[in-house]
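The values are calculated or read from the model by the stated rules, or taken from the named source; none is laboratory data. Keep in mind it's a predicted model, so treat the numbers as computed, not measured. Heads up, the Cβs are rebuilt from the backbone with ideal geometry, glycines too, and the neighbour counts pull from every protein chain shown. All accessible areas refer to the heavy atoms of the entire protein, side chains included, with ligands and DNA or RNA removed. Shrake-Rupley method; radii C 1.70, N 1.55, O 1.52, S 1.80 Å.
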Amino acid sequence: MTIQKEVFLFFIVMFLIIVLVFFLVFQASGKSGGAQNVNRKRAIFFFIAFGTVLLVLGITLPKTPYRLFAAEEPTQKVFVVARQFSFAISKFPIANDDDFSMSAGVEITVQKDELIEFNVSSFDVSHGFSLYKDGVLKAQVQAMPGYVNRLRWKFSESGTYDILCLEYCGMAHAAMIAKINVE
Amino acid sequence: MNTFDKKSTLLWLLTVLVVFLVAIAFGLTMRMEQAEITEIGPLNFYILMTSHGLLMAGVWFVAGMAGIQFILSRYVEVPRWGSVFAYVCTVLGVVVLLISTLLAKFHAGWYFLYPLPFYAKGTEHGLLLFMIALTILGVGWLMWSLVMLASILKKYSIAQALAWHHIAGKDGPAVSPFILISFVSLIGVTACILAAVVLLVLYYLEFLQNGGMTSDPLLMKNLTFFFGHTLVNEMLYLGLAVLYELFPRMAGKPDYKTSWYVGISWNATLLIVLFAYFHHLYMDFAQPVAFQYIGQIMSWFAPLPAAVVTIFSVLTTVYRSNMKWSLASLLYFFGVMFWAIGGVGAILDAVIANNFVLHNTQWVPAHFHTYNLLGNVFFSLAFTSWFADEIGEKKIAPGLVKVIFSLLVVGGVGFVLAFYLGGALSVPRRVDMYNEIVSEGITLAKLAVVCASLYLVGMIIYTIDFTRRCAGQLFS
Amino acid sequence: MCWAIILLSFFSTQQPDEMGYLLKNIPDVPVRTAESSLQPLSSWYSQKPMILTLAYSRCPGVCSPYVLQIRDQLAMQSIAEDKFQMVVLSFDSTDNAQTLSKLAGYSKVNPPPSNWTFAVLPTESREELAASLGLKWKKLGELYDHNSLLLLVSTEGKILQRVEGLPSNDQWNRLFREITHEFVPVYSTLGENIWTSCFRYDPASGTWRMNWGLLLILIPSVATVCILLILQTIIRVGATKKIANTKPIISHDPV
Ligand code: HEM
Ligand SMILES: [Cu+2]
Ligand SMILES: [Cu+2]
C-alpha cells in the first residue's frame, strides 16, 4: 500500500472517531445531569493528546527526505532544470540555454536500484519536480530558481517514470510533463 | 444595541454572503472544468482560481471581523470610523481585485508565488492592479486591527488582555475568553499583514525597477507564507473568539471563564502559530533543516492548546445540557467537529515524511477546505444566524433549518472527500485538466461538482432567507 | 602568446564530453615525484578530493597559460589548502618536478602552496590513464599535440567533474562546490542582482550561513510588538491627561 493510502485510511479512522464522539455528545444533549469531573477529564484528554504528539514527532521526524542516502556515494548524477513549460533532464550539468535546449525532451535512462542524485533547479519561476510511477507519486522536490536542490533516490521498479510539475507555474502548468526510463 | 452597530454589521454580513456565492460559483466552475463538463481553457481556469482563493480568504476574514467588532462593542467603545474605513477598503479592494483578474487577466494564484507574477507576459497591468488591490485591502485591514487593538487597550493593559494575571493567579479585572482570543488573533493578524507589507514593498520595487532588481525567491516564499498561512489561521481564531462568547449561552450554561489553562493555551498559540508556516517549505531543500523540523514540531503543537481547550469545552457544554438546537448552535457544534477533522488532515500533511508524497496534491485543498468550508464558514454563519435571530422580526422556519444544514453538511463533506481521495491517489492540485497519468481526477471532479452544487443550493437558500428576515432593518 | 590565447578560447567554447567519464573510477597508476620514487596516484586523492591537470613543460602552446590560469583561479578562492590536493601531471618522461613547478610560475623564492604536487607519468602507465581520462595526445617530433584537461577526482577515485579546455565560470563554481562539501542537499546559483537573501552559500566551508535578509522575516513580528507598546503608551498618556483635566473640578467640589 502506498504512503498516501495509508495516510488516507488513518484519516478516515480518525474522521469516524471524531464524528462518533460528537454524535454521542449530541445525542446526550437532551438528558439532564451535566458533565461530571470536568477538570480531571480535561487533564486526561490533554495528556493523551500531548503524549500522542510527542510519540508521533519521535517516530516521524527522523524520516525526512533531506538526508536520504546521505551516507552513500551516488553512482549517477542527473541534472534537472525546469523552465516554463518543460523539463531538461540530463547526465551533464545544464548551465545555460544551449545546454537546456540540447536536453529538453530527451529521455534519459538510468539503472534500477542505483543511487541517483538529482540536482534540480529552475531557470525562471518555481516549479516542482515529482516522480510518478503508474500514477503514484513516489518522490518530489521543488525546483526553485537560484537554488539547486539535491534529491537522492533509488528507483525500485524498472519501466517508465513520469515527471510532473507540481508547483503552479503558469498557464500550461498541467502540461509540463517529462519521462525517465529505468532499466 | 445601537442602530449603527446593527446596520453596519448587517451590511458587512450581506456583503459577505453575496461575495461568498460568487466565489462558490467560481470554485464550482473550476471543478466543472476539471470534470471536463465545461471548456473554459487554462487561462480562464487560473483567473478563476486566483479570484476564488483571494475572495474566499478575504471574505471569511471579513466575516470574522464583523463578528469581532459587533461583540467587542459590548465590552468597549469601538470607534465607528474604523468599521466604515475597513468596509470601504474591503469593497474597493475586492472590486479592483476582480478587475485585475477578470479583466486584466492576472492569474498567478492567490498567493502569487514569486517570481511567477513577473513571468506572465501580457498581464503587467493585471499585476499592478492586483498589487493595488492587495494594498487597499492591507491598509484597510491593518487600520481595522489597530483600531480594535487600541479599543481593547483602552480598557485593559497588554498584560491584562493577554490574561497574564489569570495565569499567575493574581488579582485584576476579569478578562473574558473573547477578549483574550480576539487580542491574540488581532496581534497575529497585525503581524501577518505587516509581512504582506514587506512583501508588497519588494514587489513594488521590482516592478518599478523593471528587472534591475530581483529578490531571493526563498526569502519571498518565506514572506508569502508567513502572510498567507498566518492570515488563514488567524481568521479561524476570529470566528472562535465569537464562539466562546455566544456558545455557552445558547446551551443555557454559564459564560466561559478565563482559567489559567485557557490563558496559557492562547498565549502559547500566539507564539506557535507564527512558526507553523514553515511547513509550506518542506520541499524546498534550500531551507535549513532546522527550520523544517521546527515547522513540523510547531505544526503539531499548534492545534494542541487551542483545539484541546475549545473542543473539550464545546463537548462538555453540550453534554447533558438543555441545548435548544437552532441553526446557530448546530453550525457551531458541528463546525468545531469539522474543524477538528480538517486539523487531522492538516497535521498528517505536516509530517515531513508524508509531505514528500502529499505536497501539492489535492490533499492540500482537501484539508484547508474542510476547516474553511465546514469549519470557519460554519462559525461565521452561526454568528450570522444568531445575529438574524437577535435583530430579525421574522423567525426561520424549523423545516428550513434542517434543509439548509443537511445541504451544507452533505454537500460539503462530499466535496472535500473528493479532494482527500484525490490526495490518496496522487492527483495534483491546481491543474485545469487531468492527463492520463492521473485520470482518476476527472471522476473525482464529477463527484465534487454534484456535492458543491448541493452546498451552493444550501447557501442560496440561506442567503435568501437571511435577506428576507433582516434586509428590511437596513433601511428602517 | 597571442596564439595560445586564441587556442584557449577555442577549447573553452567546446562542448565538454563529460558524460562518459562522470563517476567512473580512474586507474590508480604509479607516478614519479620530486623524490624520484614511484608513488600511487591514490596517495593524493585518498585523503581529500584531487584536482588533476595534465601538461608538459616544453609545451610551446597552451600548457603554460593553462596551468597559470588554474593557479590564479585557485588562488582567488579562499578555499583552505587542506581541503583539496592539486596535482600537475606530465605525460612527457623528460619532465621532472622542477621543470613542472617552473611551468606553473613557481620557483625557490616563490614556492608552490603545500597542497600542490608535480609528478611525471611513467611511459608504461600513460596509455591506461589517458584512456580513462579521455586525454588525447600525439607525438609530433619532440613535441606533443594534446587536449587540456582539468579533472576533479573524489576520495574514492571517481571522476566528479571533467573539463576540456579552460573551465567557464559556472564550471569553476561547480568545482569549488564539489570540493568544499561532501553532501549538501542544495547549493545556490543566485544571480548577481539579488540585493539580499535569507542565507548565503559559503563555498569555502561548504555550508550555509545566515544572511541579513533573514531579518526581513523578523520585521513583522518585531514591528507588531513595537506597535502594541506604542499604542499602550499613547492610550495611557491620553488617559492620565483626561484625569488631569478633570482634577480642578473635583478639588473645587467640596468647597
Ligand atoms: C463550495 C465551495 C467551494 C468550492 C466549490 C471550492 C472549489 C475550489 C477549487 C476547485 C479549488 C482549486 C483546487 C485545486 O487546486 O485544484 C479551490 C482552491 C481554493 N479554495 Fe476553494 N472552494 C470552495 C470553498 C472555499 C472556501 C470556503 C475557502 C476559504 C475560506 C476556499 C479557499 C480556497 C483557496 C485559498 C484555494 C487555493 C487557490 C489557489 O490555489 O491559489 N474555498 N477551491
Ligand atoms: Cu512547472
Ligand atoms: Cu508547473
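Rundown of residues vs (1) within 16 Å of ligand 3 (Cβ to nearest atom); (2) assigned to a loop (DSSP other than H, G, I, E, B), yes/no style:
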| site | (1), (2) |
| --- | --- |
| B:30 | no, no |
| B:74 | no, no |
| B:91 | no, no |
| B:106 | no, yes |
| B:117 | yes, no |
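The single residue among B:4, B:20, B:45 that is assigned to a helix (DSSP H, G or I), surrounded by 20 or more Cβ atoms within 10 Å (Cβ to Cβ) and either at pLDDT below 90 or in contact with an Asp or Glu (Cβ under 6 Å, 6 or more places away or on another chain) (or both) turns out to be B:45.
Residues in region A:165-177 that are touching a helix residue (DSSP H, G or I) at 6+ places or on another chain (Cβ under 7 Å) and either near ligand 2 (Cβ under 8 Å from one of its atoms) or within 16 Å of residue A:120 (Cα to Cα) (or both): A:165, A:169, A:170. Of C:202, C:170, all but one fail to be modelled with pLDDT under 85, within 14 Å of chain B (Cβ to nearest Cβ) and under 30 Å from residue A:124 (Cβ atoms); the exception is C:202. Checked against the criterion of being facing chain B (nearest Cβ under 9 Å), β-branched (Val, Ile, Thr) and more than 21 Å from residue B:282 (Cβ to Cβ), the candidates A:12, A:17 yield just one match: A:12. Of all residues in region B:425-476, which are within 13 Å of ligand 1 (Cβ to nearest atom) and of a type in the set (Ser, Thr, Tyr)? Across region B:425-476, the qualifying residues are B:434, B:453, B:455, B:462.
Exactly one residue among B:316, B:310 is more than 14 Å from chain C (Cβ to nearest Cβ), over 17 Å from the mean Cα position of the chain (by Cα) and without any contact (Cβ under 8 Å) to a residue 24 or more places away in the chain, and that residue is B:316. Within region B:337-361, residues that are more than 7 Å from chain A (Cβ to nearest Cβ) sit with their Cβ atoms under 7 Å from residues that are outside any helix (DSSP H, G or I) and of a type outside the set (A, V, I, L, M), at 6+ positions apart or across chains, in these pairs: B:355/B:282. Taking region C:41-67 as the range and being open to solvent by 20 Å² or more (accessible area, probe 1.4 Å) and small (Gly, Ala, Ser) as the test, the residues that pass are C:42, C:43, C:46, C:57, C:64. Comparison of B:273, B:357, B:308 shows that the only residue that is surrounded by fewer than 21 Cβ atoms within 10 Å (Cβ to Cβ) and farther than 24 Å from residue B:404 by Cα is B:308. Residue count for region B:99-113, restricted to those that are open to solvent by less than 60 Å² (accessible area, probe 1.4 Å) and away from ligand 1 (no atom under 15 Å from the Cβ): 1. If you take the residues in region B:164-193 that are in a loop (DSSP other than H, G, I, E, B) and under 22 Å from residue B:70 (Cβ atoms), which one is most open to solvent (accessible area, probe 1.4 Å)? The residue in question is B:174. Residues of region A:79-100 that are free of Cβ contacts under 8 Å to residues at least 60 places away in the same chain and of a type in the set (Phe, Trp, Tyr): A:79, A:92, A:100.
Each row is one residue, and each column tells you yes or no for (1) within 14 Å of chain A (Cβ to nearest Cβ); (2) under 29 Å from residue A:124 (Cα atoms); (3) away from ligand 2 (no atom under 16 Å from the Cβ).
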residue: B:6; (1), (2), (3): no, no, yes
residue: B:18; (1), (2), (3): no, no, yes
residue: B:40; (1), (2), (3): yes, yes, yes
residue: B:64; (1), (2), (3): no, no, yes
residue: B:72; (1), (2), (3): no, no, yes
residue: B:96; (1), (2), (3): no, yes, yes
residue: B:108; (1), (2), (3): yes, yes, no
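Residue check, residue B:296 against (1) facing chain A (nearest Cβ under 8 Å); (2) surrounded by 23 or more Cβ atoms within 10 Å (Cβ to Cβ); (3) farther than 30 Å from residue C:198 by Cβ, all met but one. Which one? Exception for residue B:296: condition (3). Residue B:290 passes every criterion in (1) more than 8 Å from every other protein chain (Cβ to nearest Cβ); (2) within 30 Å of residue A:151 (Cβ to Cβ); (3) touching a residue at least 12 places away in the same chain (Cβ under 8 Å) apart from (3).
Just one of the listed residues (B:132, B:158) is open to solvent by 10 Å² or more (accessible area, probe 1.4 Å), within 25 Å of residue B:86 (Cα to Cα) and within 23 Å of the chain's Cα centre (by Cα), namely B:132. Cβ-Cβ contacts under 6 Å between residues 6 or more apart (or on different chains), taken from a first residue in region B:424-439 that is under 25 Å from residue B:51 (Cα atoms) and acidic (Asp, Glu) to a second residue that is in a helix (DSSP H, G or I) and open to solvent by 30 Å² or more (accessible area, probe 1.4 Å), are listed as B:432/B:42.
The condition (being closer than 19 Å to residue B:413 by Cβ and among the β-branched types (Val, Ile, Thr)) is satisfied by just one residue among A:12, A:48: A:12. Residues in region A:136-173 that are in contact with a Leu (Cβ under 7 Å, 6 or more places away or on another chain) and either of a type in the set (Gly, Ala, Ser) or assigned to a helix (DSSP H, G or I) (or both): A:139, A:146, A:170.
To keep it simple, each residue is scored yes or no on (1) under 25 Å from residue C:24 (Cβ atoms); (2) among the polar types (S, T, N, Q); (3) over 25 Å from the mean Cα position of the chain (by Cα); (4) open to solvent by less than 50 Å² (accessible area, probe 1.4 Å).
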{"residue": "C:80", "(1), (2), (3), (4)": "no, no, no, yes"}
{"residue": "C:87", "(1), (2), (3), (4)": "yes, no, no, yes"}
{"residue": "C:90", "(1), (2), (3), (4)": "yes, yes, no, yes"}
{"residue": "C:104", "(1), (2), (3), (4)": "no, no, no, yes"}
{"residue": "C:113", "(1), (2), (3), (4)": "no, no, no, yes"}
{"residue": "C:121", "(1), (2), (3), (4)": "yes, no, yes, yes"}
{"residue": "C:128", "(1), (2), (3), (4)": "yes, no, yes, no"}
{"residue": "C:132", "(1), (2), (3), (4)": "yes, yes, no, yes"}
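Taken over region A:82-92, the criterion of being within 18 Å of residue A:127 (Cβ to Cβ) and facing chain C (nearest Cβ under 10 Å) is satisfied by A:90 alone. Of all residues being open to solvent by 10 Å² or more (accessible area, probe 1.4 Å) and touching a His at 6+ places or on another chain (Cβ under 9 Å) in region B:411-430, which is farthest from the other protein chains (Cβ to nearest Cβ)? Just the residue, please. Filtering first and then ranking leaves B:415. Scanning region A:131-164 for residues that are within 11 Å of ligand 2 (Cβ to nearest atom) and more than 8 Å from chain B (Cβ to nearest Cβ), we see that the one that is nearest to residue A:68 (Cα to Cα) is A:143. For residue A:170, the test of being open to solvent by less than 10 Å² (accessible area, probe 1.4 Å), modelled with pLDDT under 95 and within 16 Å of ligand 1 (Cβ to nearest atom) is passed. Selection within region B:431-467: residues that are touching a Gly at 6+ places or on another chain (Cβ under 8 Å) and aromatic (Phe, Trp, Tyr). The member of this set that is farthest from the other protein chains (Cβ to nearest Cβ) is B:455.
Residues in region A:140-173 that are among the aliphatic types (A, V, I, L, M) and more than 18 Å from the chain's Cα centre (by Cα) were compared, and the one that is nearest to ligand 3 (Cβ to nearest atom) is A:172.
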